[in-house]
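One structure below.
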Amino acid sequence: MLFCRDGAPDTLTVRGARVLDPVAGIDAALDVTVEDGIVTRLEPAAEAARGLLLAPAFVDPHVHLRTPGREDEETVASGTEAAAAGGYCAIVAMPNTDPVVDSAAVLGALVELARSEAVVPTGFMASISKGLLGEELTEMGELAALGAVAFTDDGHPVGCAGLMQRALQYSAVAGRKLALHEEERSLSRDGQMHEGAVSAELGLAGWPAVAESSMIARDVHLAAYEQQALHIMHVSAAASVEVVRAARARGVAVTAEVTPHHLCLSDDSVRSLDTNLKMNPPLREQSDRAALLEALRDGTICCVATDHAPHARQEKDVPFEEAPFGVTGLETAFAALYTHLVVAGALPLETLLERMSAGPARAFGLPVPRIALGERANLVLLDLEAEWRVAERGFRSRSANSWLLGQTLRGAVVKTVADGRVVHAL
Ligand SMILES: [Zn+2]
Ligand SMILES: [Zn+2]
């Protein structure tokens, strides 16, 4: 399900880093040797290297590569270079491109592109409905056979409950999950930001949390009825967390993801009217943020996903109401979460590492990166003491619509090894 350009595996030794693998149960200063892409030696370090941490590399289940159609904003090459710089060994791209990834022809062309350009292993979701129109299902069996990781209409909700029910049935036959953008459009309408005190103060149209939580409730009931698994994308609201938690407690196989921006920010920051704070779903209240964080800690939300959504500068360089939704995130996710949550004492480092790697891999049946003898090397080397300023010119992504521009962050990705190859080195 993951595709990447060919290349020779690498041989390297990382000396003295604190090796932290929550899945393998390792937390020790080790010298780690990789030979021809395989971890061959884990030995106690002669000398500990200050600030360096070696962990299983990250997996991002929600990335917009904008290809085909908007290669000015991102390509498979630039997006996967950004992923490598962010410490990722695998990413999954969304199908809301132009044309939409709703046919064997479009998916097949993307797979070929990934085989020639992708710097890190890349998977593709195909759409649930043809043209993302929410009317007719795609040929899920054929798309799964070609390598579709899952199905999603991301960017759009599946409005019709009957279509959702059939999508659950057909995706199950195809052996793939549905990943859902949950938004009841008759409630969110043309909302520009979270509906609350701040939207009232700014006079902006609101997109209320209930538009998300009510749709999630519908879909977990359908998943339970069909006895199928389901993945909820970019959960943003406390009420949504409650729906997911209750469904999981009843035994519904529902997984969920949360973005770095929803974990770090609230709608208070939208007062700046910075268009890089405009995303869908919108930033919500401090109480929502606290609930998301608690859900990430207790495993109700098992993945961090960036929802990396590149936009051209001229598209975001307009009044807030006219700007498109979305922010980039691949190159800043770890440092943002490390700085704003781990250093701040709100999230254990181990939990963050698990939710950025094993959590998303398991949710989509992708290989779980592990640091163990005989395993293919999928490693991220982090300097936890490094400080760096997020600056527009430093991005590998073709777009720079980051909410972190100008911020100084702690924690830098020094090296990324993906599928046995060094794909990024500072
Ligand atoms: Zn979405
Ligand atoms: Zn998205």
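The values are calculated or read from the model by the stated rules, or taken from the named source; none is laboratory data. Just so we're clear, the structure is a prediction, and the values are computed from it rather than from any experiment. FYI the Cβ positions are ideal-geometry reconstructions off the backbone, even for glycines, and counts take in every protein chain you see. Ligands, DNA and RNA are stripped out before the accessible areas are found, and what is left, the full protein with its side chains, is counted by its heavy atoms. Shrake-Rupley method; radii C 1.70, N 1.55, O 1.52, S 1.80 Å.
Quick notes on this structure:
- Among the criteria (1) crowded, with 21+ Cβ neighbours inside 10 Å; (2) within 21 Å of residue 184 (Cβ to Cβ); (3) not basic (Lys, Arg), the one residue 336 does not fulfil is (2).
- Per the listing 373, 347, the residue uniquely in a loop (DSSP other than H, G, I, E, B), surrounded by fewer than 24 Cβ atoms within 10 Å (Cβ to Cβ) and out of contact with any strand residue (DSSP E or B) (no Cβ under 9 Å at 6 or more places or on another chain) is 347.
- Qualifying residue in segment 219-230 (condition: out of contact with any Cys (no Cβ under 7 Å at 6 or more places or on another chain), within 16 Å of ligand 2 (Cβ to nearest atom), in contact (Cβ under 8 Å) with a residue 12 or more places away in the chain and closer than 15 Å to residue 158 by Cβ): no
- Hey, residue 189 open to solvent by 20 Å² or more (accessible area, probe 1.4 Å) and within 16 Å of ligand 1 (Cβ to nearest atom) or not: no
- Strands (runs of 3 or more DSSP E) enclosed by segment 40-104 - at least 3 residues per element that are among the hydrophobic types (A, V, I, L, M, F, W, C) and within 14 Å of ligand 2 (Cβ to nearest atom): 88-93
- Filter result for the condition that a residue is of a type in the set (Asp, Glu), surrounded by 20 or more Cβ atoms within 10 Å (Cβ to Cβ), in a loop (DSSP other than H, G, I, E, B) and under 20 Å from the mean Cα position of the chain (by Cα), over 331, 354: 331
- With respect to the conditions (1) assigned to a strand (DSSP E or B); (2) touching an Asp or Glu at 6+ places or on another chain (Cβ under 8 Å), residue 123 falls short on a single one, namely (2).
Rundown of residues vs (1) within 16 Å of ligand 1 (Cβ to nearest atom); (2) surrounded by fewer than 22 Cβ atoms within 10 Å (Cβ to Cβ); (3) farther than 28 Å from residue 183 by Cβ, yes/no style:
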| site | (1), (2), (3) |
| --- | --- |
| 98 | no, yes, no |
| 102 | no, no, no |
| 106 | no, yes, no |
| 112 | no, yes, yes |
| 117 | no, yes, yes |
| 120 | no, no, yes |
| 128 | yes, no, no |
| 135 | no, yes, no |
| 138 | no, no, no |
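- Residues that are at pLDDT 95 or above and either charged (D, E, K, R) or open to solvent by 20 Å² or more (accessible area, probe 1.4 Å) (or both), drawn from segment 385-402: 385, 386, 387, 388, 389, 395, 396, 398, 400
- Residues (more than 16 Å from ligand 2 (Cβ to nearest atom) and either in contact with a Cys (Cβ under 7 Å, 6 or more places away or on another chain) or acidic (Asp, Glu) (or both)) located in segment 203-218: none
- Conditions (1) surrounded by fewer than 21 Cβ atoms within 10 Å (Cβ to Cβ); (2) in contact (Cβ under 8 Å) with a residue 60 or more places away in the chain; (3) among the aromatic types (Phe, Trp, Tyr): number failed by residue 170: (2)
- Candidates 206, 251, 162, filtered to the one that is within 29 Å of residue 340 (Cα to Cα) and small (Gly, Ala, Ser): 206
- Here segment 7-56 is the region considered, the condition is being among the acidic types (Asp, Glu) and at pLDDT 95 or above, and the residue that is most open to solvent (accessible area, probe 1.4 Å) is 36.
- Unique match (being within 16 Å of ligand 2 (Cβ to nearest atom) and out of contact with any strand residue (DSSP E or B) (no Cβ under 9 Å at 6 or more places or on another chain)) among 159, 155: 155
- Entirely in segment 217-320, the helices (runs of 4 or more DSSP H) that have 1 or more residues that are among the charged types (D, E, K, R), at pLDDT 95 or above and open to solvent by 30 Å² or more (accessible area, probe 1.4 Å): 238-249, 286-298, 313-316
- Restricting segment 290-314 to residues that are away from ligand 2 (no atom under 16 Å from the Cβ) and not hydrophobic (A, V, I, L, M, F, W, C), the residue that is farthest from the chain's Cα centre (by Cα): 314
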